[in-house]
Amino acid sequence: MKGIVFTEFLELVEDKFGLEMVDDIISSSNLESEGIYTSVGTYSFSEMLQLLQHLSKRTNISIDNLLLVYGEHFFNVIENSYPGLLATYKDPIEMISSIENHIHVEVRKIYPDAELPTFKVIEKKENALIMDYKSSRAMHHFGLGLMNKTFEHFNSTAVIELEKIKDDGTEVRFIINKN
């Protein structure tokens, strides 16, 4: 998993819960990196999972809800770091439907060894989108947070439903209806 995902996560934890919480979840985890991350480094997903589990335990916030907030935070990172990418789109449905064939292609140019989820468009209409998410990491709520902020970025709203295709969350269907 790319280091930027870790550095931004810890920054969010510090902003929301303080530096002591960052220290606490790092020291409570068994991290090969010892909690020292660079944005360009690559780290084990198990480290992110441990950090999330410890934060969830200490805050009584579910991992899914933590990932949702983190996805919303991460959209701001994308918006600030890659404004040209967002400027190529005029509509949130268009942008979200292009994750696999455009956005992830661009991400791989910057981070060639990034392990990204896959998104398959099942049905696309002007104001609706059905797409399937697949990832061994089951971070679909991170994706949901990114999607929520995508609609906000375009001054739009949507109802986004999740249907688990697999109970463990490694395959999820997003059903998006733009308001």
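Every number in this text was worked out from the coordinates using simple rules, so none of it is lab data. As the structure is a computational prediction, the values presented were derived from the model and not from experiment. Neighbour counts are summed over all protein chains in view; Cβ atoms, including those assigned to glycine, are modelled from backbone coordinates with ideal geometry.
Once the Cα atoms of helix 45-59 and of the chain are each reduced to a long axis, what angle between those two axes, in degrees from 0 to 90 to the nearest 10, is obtained?
Once rounded, one gets 80 degrees.
How large is the convex hull of the C-alpha atoms of the stretch 108-179 per residue, in Å³?
99 Å³
Rounded to the nearest whole Å³, what is the per residue volume of the convex hull around the Cα atoms of the chain?
Value for the chain: 115 Å³ per residue.
Rounded, prolate or oblate: which fits the stretch 31-128, taking a ≥ b ≥ c as square roots of the Cα gyration tensor eigenvalues, rounded meaning a/c under 1.5, else prolate when a/b beats b/c?
Here the stretch 31-128 falls in the prolate category.
How about the stretch 94-179: which GluC sites (Glu not before Pro) there lie in a loop by DSSP and see at most 14 other Cβ atoms within 10 Å?
Glu115, Glu126
Expressed as an acute angle from 0 to 90° and rounded to the nearest 10, what is the orientation of the C-alpha long axis of helix 140-153 relative to the principal long axis of the chain?
Tilt relative to the chain: about 60 degrees.
Loop sites only, by DSSP: take the trypsin sites (Lys or Arg not before Pro) in the chain that have at most 12 other C-beta atoms within 10 Å and name the longest stretch containing none of them.
1-89
Under 4 °C and 1.567 mPa s, how fast does the stretch 65-171 diffuse according to Stokes-Einstein, given a Kirkwood radius computed over C-alpha pairs? Answer in µm²/s, whole number.
In µm²/s, the coefficient is 91.
Using amide H atoms built in the peptide plane, which far-off residues or other-chain residues are under 5 Å from Ala128 H to H?
Lys178
For helix 3-17, report the angle its Cα long axis makes with the longest principal axis of the Cα atoms of the chain; keep it between 0 and 90° and round to the nearest 10°.
80 degrees
At q = 0.14, 0.23, 0.24, 0.31 Å⁻¹, what log₁₀ I(q)/I(0) does the stretch 1-58 have when each alpha carbon counts as one equal point scatterer in the Debye sum?
Log10 of I(q)/I(0), two decimals: -0.30, -0.86, -0.94, -1.48.
When the chain is fully extended, how far beyond the present Cα-Cα distance does Asp91 get from Ser136, taking 0.36 nm per residue of separation?
Gain on extension, Asp91 to Ser136, equals 13.3 nm.
Give, as a single signed number, the net charge of other residues whose beta carbon lies under 15 Å from the beta carbon of Asn155, with Lys and Arg counted +1 and Asp and Glu -1.
That works out to -1.
Taking a virtual spin label 7 Å from the Cα of Glu11 along the C-beta vector, which residues in the stretch 43-76 bring their backbone nitrogen under 16 Å of it?
70-76
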